[in-house]
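Read-outs throughout are calculated quantities, based only on the coordinates presented, and are distinct from any laboratory measurement. Keep in mind that this is a model prediction, so the values were computed, not measured. Here the Cβ positions follow ideal geometry from the backbone for every residue, glycine too, while neighbour counts run over all protein chains shown.
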Amino acid sequence: MIEVEDLTKYYGGKRAISGLTFRIEKGEIVGFLGLNGAGKTTTLRILACLILPSSGRLRVDGLDGAAHAHEIRSRLGFLPDTPPLYDEMTVRDYLRFVAELKGVAAKDVTRRVSEALDTCNLNQTADQLIGTLSHGYRQRAGLAQALVHKPSLLILDEPTGGLDPVQIVEMRELIKRLGGEHTVLLSSHNLSEISHTCDRLLVINEGRVAADGTEESISQGAGGGARVVEITVEGAAPGGGALGERAAQLIGKVPGVLTARVKSSADGRAELEVEASDDRRAAIAKAIVESGIGLVRLERKALELESIFQRLVAPGPGPSSRRAA
Amino acid sequence: MKSIALIIRREIGAYLRSPLGYVVIAVLLLIDGLLFNARAMGSDTKRLSAEVLANFFEYSSGISVTAALFLSMRLLAEERQTGTLTLLFGSPVRDYQIVLGKFIASLLFLALMLLLTAYMPMLIMVHGKITRGQIIAGYLGLLLIGAMALSIGLFASALTKSQLIAILGGAGITVCLVVCWMLSTVTDRPFSEIFAWLAMWSKHFPPFMRGTINSQDVVYYLSMTYFFLFSTTRVLESRRWSS
């Protein structure tokens, strides 16, 4: 659906992105992850045919980004980080305007507008002035604007910016429902939201692709994933001895486990970290429970995305390499 | 064509729904009325009604230009500021359609204001003798000079995010063009003729206010308006691809 080859963009002398190459298939929900200033917004704007790259090629739906920008624009919906809303219009009038602007046939406008209002839960505020809406509703109106002409591609720049936790979940559910039927690209620096919403992640750091793949493949690449498991056990070791060591021994015997080490032990509980060649959580749990040791907690290494992220986007040498967005 | 009509509708809606349009019209109508009362109607010497009408058009031309600059300063600067220009740029709408749509909408709103000044010539008609021709010519002149000022303001609005700078820029360009006549008095041919032609008011407006429609004056206002609209389109184009 989208093919990007060697995309580079300079703003004056400053290089914002360099040599980006990736593909995105129809129906995927892809998250662009990166620090502020990494180049996510620039990349998304180029994909939305709002700015031209300094060099490199972009193809959307087989159409060349430079030659057929107009055509591509009618097939995509873009939500910038500040939703492009006209404060003096009502939500319904605004969506009608956008629908007509994007070329929706006159007879379809009313239907498309009410569909967009439904999808984004805006029916209560449909006849309210946009200037009077709260931030959460403004974001939703912005999303509605991106959807109203039923584009096949949606590009959302920080769709959950400034929303409260409840609104973030709502937005996330909305976006997930849109995937499949639409191809969705979104950018964020909110790690948990992105890992819950997206099928695939593209990590951008300092204008380059630092990682590209599913969360699992990226975290495995960085030495994490379901292969690394944290376990808390309690009780008495069967057959005497220290609880931690006994448990580690037991776990080490489970096929597929590479290492099992005790991280700490106190008050009748022990914490262990186990590394396996793949996801062995079920077998490990079975082994512990069957031996009579109490299993309190077993989960894959927490916050991997954060630590991978931190590893991948470690700042370059010197403060001058961190540029403002 | 549909896109232009769409943009015109939205822009007029914006003028009608925000205080700026009404405040501009109200204030300028007030000033126009006061000037009319003080100078055109209220002088002691006996004067021909045609002269009074010409005076009315003279003052109103300044009002028309001022109104045009205030009305046009927000057209593009505000959209840049609020981020809505991204919406227009991301749609299958061409730059010239955006520019034309906004220009025509502001011209219609300006025409509304000019319509509201009609009470003043009607006051003259009560006891005086004036021709319909002079009234039509005068209003045509007001519309043409207003259109030119709108295109200047629109151009300035395209250059900046700040509405304040837009109006200062627009006013600056307008003043330069008006002051060209001074330059024409201190230079030799051919420059004096060039500056005289370029001058926004001195050579080209008085015929309208006295009731004469000269094609060369109409051409002047239309071509200058076109020039600024064209430049605005080019500026938009360059902004689109750079940031």
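Quick notes on this one:
- Positive-end residue of A:L250, B:Y119, A:Y137, charge dipole of the protein assembly as shown with Cβ unit charges: B:Y119
- What you get for chain A, charging only the Cβ of Lys and Arg (+1) and of Asp and Glu (-1), is a dipole of about 480 debye around the Cα centre.
- Counted charge near B:I165, where neighbours are those whose Cβ lies closer than 14 Å (Asp, Glu -1; Lys, Arg +1): +2
- Placing unit charges on the Cβ atoms of the charged side chains and taking the dipole of the stretch B:1-147 about its Cα centre, the candidate lying farthest along the positive direction among B:V99, B:S3, B:L29 is B:S3.
- Net dipole in debye of the stretch A:171-273 [+1 Lys, Arg Cβ; -1 Asp, Glu Cβ; about Cα centre; nearest 20]: 200
- Principal-axis tilt of helix B:19-35 within chain B, Cα atoms, nearest 10 degrees: 20
- Where both bridge residues fall in the protein assembly as shown, DSSP classifies roughly 70% of the beta bridges as antiparallel.
- Principal-axis tilt of helix B:49-72 within chain B, Cα atoms, nearest 10 degrees: 10
- Dipole of the stretch A:141-200, positive end: most advanced residue of A:P159, A:H182, A:S192 [Cβ charges, Cα centre]: A:H182
- Cα shape, the stretch A:14-70, gyration tensor, a/c 1.5 rule: oblate
- Cross-link reach list, lysines versus A:K263, counting only Cα pairs under 30 Å and skipping chain neighbours closer than eight places: A:K253, A:K286, A:K301
- Each residue of the stretch A:262-272 was assigned a 3J(HN,Hα) from its phi angle through the Karplus expression (A = 6.51, B = -1.76, C = 1.60, θ = phi - 60°), giving 8, 8, 6, 8, 6, 6, x, 10, 9, 10, 10 Hz with x at Gly and Pro.
- Inter-chain neighbour count for A:97-105: the average number of beta-carbon atoms from partner chains within 10 Å of each residue's beta-carbon is 4.
- Relative contact order of chain A, defined on C-alpha pairs under 8 angstrom at six or more residues apart (%): 19
- Net charge, B:P19 excluded, C-beta distance under 13 Å - Lys, Arg +1, Asp, Glu -1: 0
- Going by neighbour counts of Cβ atoms within 10 Å, the residues A:T41, B:T185 line up, fewest first, as B:T185, A:T41.
- Scanning chain A for GluC sites (Glu not before Pro) that sit in a DSSP loop and have at most 15 other Cβ atoms within 10 Å, the longest stretch containing none of them is A:26-180.
- Summary value for the stretch B:1-145: 42 percent relative contact order, contacts being C-alpha pairs under 8 angstrom separated by 6+ residues.
- Relative to the longest principal axis of the Cα atoms of chain B, the long axis of helix B:163-186 makes an angle of roughly 50 degrees.
- Over 26 Å apart at the Cα level, from the set A:K26/A:K150; A:K40/A:K150; A:K9/A:K176; A:K150/A:K176, are A:K9/A:K176.
- Within chain B: Cβ-based charge dipole about Cα centre, in debye rounded to nearest 20 (Lys, Arg +1; Asp, Glu -1): 480
- 5 angstrom amide H check on A:A211, placed H, neighbours 5+ away: A:V203
- Taking label points 7 Å from Cα along the Cα-to-Cβ direction, A:E230 and B:M182 give a separation of 7.6 nm.
- Separation of the B:R240 and A:R23 label points, Cα + 7 Å toward Cβ, nm: 3.1
- Average other protein chain Cβ within 10 Å of Cβ, residues A:61-71: 1
- Net charge in the neighbourhood of B:Y59 (other residues with Cβ under 10 Å of its Cβ; Lys, Arg +1, Asp, Glu -1) is -1.
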